[in-house]
Amino acid sequence: PNIVAGIVVLLPVASCLLLVGYPGNATVAILAVAIVGVSLGSEVDVMAFMCARHFGTLAYGMTFGVVSGLWALATGIGPTLANRIYDVTGGYELALELAIPLFVLTSVLMFALGKPPEFPELSKEQTA
């Protein structure tokens, strides 16, 4: 699971490199957007799976809610910062170049996650 998570988070680097390397090319832009779409679609599933595996299912709602809330916050801040960079520089190149190391760092952290802990089985009385 850690390898899949690391790869999924690393996919947008290809999109950033394509967009920076071929500005104004519509075909490349379509490919870059498709890569980001696959990555984002996979990240939601991977995030849910990783929360359950690494934190257990006893408090899954709270754990996944916190992770989802932080992701939603980042999803709101990211485009806002990218647009501010556009306003200041006249392009998105800097935003894309800044995103690459963040994707790489996140991917490295996913690859570095250890084996998920083993959670004990709960009896029916403990789950009620």
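The values are calculated or read from the model by the stated rules, or taken from the named source; none is laboratory data. What you are looking at is a predicted structure, and each value in this text was computed from that prediction instead of being measured. With ideal geometry, Cβ positions are generated from the backbone for all residues, glycine too; neighbour counts draw on all protein chains shown. To get the accessible areas, we keep the full protein, side chains included, count just its heavy atoms, and leave off ligands, DNA and RNA. Shrake-Rupley method; radii C 1.70, N 1.55, O 1.52, S 1.80 Å.
Assorted remarks:
- Helices (runs of 4 or more DSSP H) (entirely within the stretch 52-128) containing at least 2 residues that are polar (S, T, N, Q), out of contact with any Pro (no Cβ under 8 Å at 6 or more places or on another chain) and closer than 27 Å to VAL4 by Cβ: 60-89, 93-112
- Index of the failed condition, PRO23 passing every other in (1) open to solvent by 50 Å² or more (accessible area, probe 1.4 Å); (2) in a helix (DSSP H, G or I): (2)
- Pairs, first over 19 Å from GLY91 (Cα atoms) in the stretch 19-46, second not in a helix (DSSP H, G or I), C-beta under 9 Å, six or more apart: VAL46/PRO1
- Qualifying position, being exposed (fewer than 14 other Cβ atoms within 10 Å of the Cβ), of a type in the set (A, V, I, L, M, F, W, C), at pLDDT below 90 and over 17 Å from CYS16 (Cα atoms), among LEU58, LEU40, LEU73: LEU58
- Among the residues of the stretch 43-55, those identified as open to solvent by 50 Å² or more (accessible area, probe 1.4 Å) and more than 12 Å from the chain's Cα centre (by Cα) are PHE49, ARG53, PHE55.
- All positions within the stretch 84-116 that are open to solvent by less than 70 Å² (accessible area, probe 1.4 Å) and more than 18 Å from the chain's Cα centre (by Cα): ILE85, GLY90, GLY91, GLY114, PRO116
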